[in-house]
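Visitor: Here you go, one structure.
The values are calculated or read from the model by the stated rules, or taken from the named source; none is laboratory data. Small disclaimer: the values here were computed from a predicted structure and weren't measured. Glycine also receives a Cβ, built like all others from the backbone with ideal geometry; neighbour counts cover every protein chain displayed. Please note that ligands, DNA and RNA were not included when accessible areas were found on the heavy atoms of the full protein model with its side chains. Shrake-Rupley method; radii C 1.70, N 1.55, O 1.52, S 1.80 Å.
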Amino acid sequence: MDSLMARSTFAMANSIQSVPGQAPSPSPDTEAPYFFDEAEQDAIHRAKPWASDPSHFTTVHISAVALIKMAMHARSGGSLEIMGSLQGKLAANAFIITDTFPVPVVGTETRVNAVAEGYEFMVGYQGQCGAVGRRENVVGWYHSHPGYGCWLSGIDVETQRVNQQYQDPFLAIVVDPVRTQSAGKVEIGAFRTYPNGYTPPDSAGGGAGDYQSIPSNKVEDFGVHCQQYYALDVRFFQSALDGGLLDGVWSKYWAAALSSSPLVSNREYVASCVRDLGTKMGAAAEAAGRGGRGGRGLFIGTGGRKVGGRSKGGGGGLAAATV
C-alpha cells in the first residue's frame, strides 16, 4: 500500500470529516474550526457553564494534524509513557483541539512525571505561540498507555482533577500506540473527572464509550476509579487550511508507523494478549471450580469494561500521571 492510499484508508478508518476552511464559525461541524474569536472565548469563560454541570462537555473535535502528532509522539515512546499538551478553544459543550506539542518528561512503563524542565518548556512554548499570533490556549493534556487501552488510572484521575480545579476547562486524552498499530486506526479516549463527592448517574462514568479489554494486571486500578470520570465523544476533522502541514506530518507518520509490517510490529502485543487471556481463563476456571465444590459460584469478570472516547464520527502545569 502506497502513502496516498494509506492516508485515504487512515482517514476512513478514523472517520475524519472535511470542513470548509474559509468562513469563521463556532460550529466545527459546519465551518472552519481554526478561527479564534477572542470575545467569544472570553464570554464562555465568564459564563462558566461547566461549574454548575459536571457533565457539561460532551464532545471533543480533534484536527487530523493534532491526531497524527499525538499518535507519532505516543509511538516514539515505545513501551514508555509520553505526555504532551493540547492547544485549542471551546465551542458550546465541546473542546476543539487544533494542535498539540510534546512535553519533556521522565517516563516509565507506568508513569510520566512533568518535572521543572517540563513546566518551563510549556510556559516558554505557549509564550512563543503568542508571539507569532497563535492565540489558542492550552486546554488539556495527553499521555500514552502502551498496550493497555484508553482510560484513567488513579493518579491520572487525581492529575486531571487538580487541573480542572485550578485551570478549568481542561481535558485529558489517552492514546494507546500499541493498539493503534494493531488496529490501523488511532486508539484514543478523551475524559473529564467529576468533582470530589459527586455521584454520577448510573449510565455515566467510565463505562461510556466502546468496549475494550482491560489487562488483568490493570483491572483493579481501573475498577476502583472508573466512576470518577466520564468519556467524551471524539470526532476528527481536517480543513483545506491545514492541507500542507498535514502532508508533511503524514509523510513522517507513514514512514514511522504504517509502512512497517503489522506481523512484525505486533508480535509482542499479540503475545501479551494471549498471555493475558490465559490468565483470565485460569481465574475463571478457578472461580467456577470453587463454585462447584461449595454450591455457590462467584465469577469475577476481568475481561473489560466499556471505556474510551471512540466516536461513531470520529494552559498550564501538569502533575504526575500513572497507571
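Visitor: Only one of VAL162, VAL65 is open to solvent by 20 Å² or more (accessible area, probe 1.4 Å) and of a type in the set (Val, Ile, Thr). Can you tell me which?
Guide: Only one candidate qualifies: VAL162.
Visitor: Residue by residue through the stretch 119-146, note down the ones that are among the small types (Gly, Ala, Ser) and within 23 Å of the chain's Cα centre (by Cα).
Guide: First, pick out the residues of the stretch 119-146 that are among the small types (Gly, Ala, Ser): 124, 127, 130-131, 133, 140, 144.
Matches in the stretch 119-146: GLY140, SER144.
Visitor: Now for a separate question. Quick one: in the stretch 19-57, which of the residues that are touching a strand residue (DSSP E or B) at 6+ places or on another chain (Cβ under 7 Å) and open to solvent by 60 Å² or more (accessible area, probe 1.4 Å) is modelled with the highest pLDDT?
Guide: Here the residue is PHE35.
Visitor: Moving on. Just for the stretch 93-111: of the residues that are in contact with a strand residue (DSSP E or B) (Cβ under 8 Å, 6 or more places away or on another chain) and not in a strand (DSSP E or B), which one is modelled with the lowest pLDDT?
Guide: Selected residue: THR110.
Visitor: To continue, here is another question. Scan the stretch 75-90 for residues that are open to solvent by 10 Å² or more (accessible area, probe 1.4 Å) and touching a His at 6+ places or on another chain (Cβ under 9 Å) and report the count.
Guide: Number satisfying all stated conditions: 1.
Visitor: Can you list residue pairs whose Cβ atoms sit under 6 Å apart, with the first residue in the stretch 43-66 being over 18 Å from ASP233 (Cα atoms) and the second being of a type outside the set (Asp, Glu) and open to solvent by 40 Å² or more (accessible area, probe 1.4 Å)? Count only pairs 6 or more apart in sequence or on different chains.
Guide: Sorted first by the residue in the stretch 43-66, then by its partner, the pairs are VAL65/LEU245.
Visitor: Given the conditions (1) open to solvent by 40 Å² or more (accessible area, probe 1.4 Å); (2) among the hydroxyl-bearing types (Ser, Thr, Tyr); (3) modelled with pLDDT of 90 or more, which single one is not true for THR9?
Guide: (3)
Visitor: Here's a follow-up. Give me the pairs, please: first residue somewhere in the stretch 4-19 and more than 17 Å from ALA66 (Cα to Cα), second residue anywhere and open to solvent by 90 Å² or more (accessible area, probe 1.4 Å), beta-carbon distance under 9 Å, and either six or more positions apart or on two chains.
Guide: If the second residue must be open to solvent by 90 Å² or more (accessible area, probe 1.4 Å), the pairs left are THR9/MET1.
Visitor: Within the stretch 169-268, considering only strands (runs of 3 or more DSSP E) that don't extend past its boundaries, which have at least 1 residues that are modelled with pLDDT of 85 or more, buried (at least 16 other Cβ atoms within 10 Å of the Cβ) and among the small types (Gly, Ala, Ser)?
Guide: Where strands (runs of 3 or more DSSP E) fall fully within the stretch 169-268 and carry at least 1 residues being modelled with pLDDT of 85 or more, buried (at least 16 other Cβ atoms within 10 Å of the Cβ) and among the small types (Gly, Ala, Ser), they are 171-176, 187-193, 229-239.
Visitor: Also, I was wondering about something else. Any residue in the stretch 86-107 that is within 21 Å of LYS48 (Cβ to Cβ) sitting within a Cβ distance under 8 Å of a residue that is of a type in the set (D, E, K, R) and in a loop (DSSP other than H, G, I, E, B)? List the pairs, counting only those 6 or more apart or interchain.
Guide: Pairs found: GLN87/ARG134; GLN87/GLU136; GLY88/GLU136; LYS89/GLU136.
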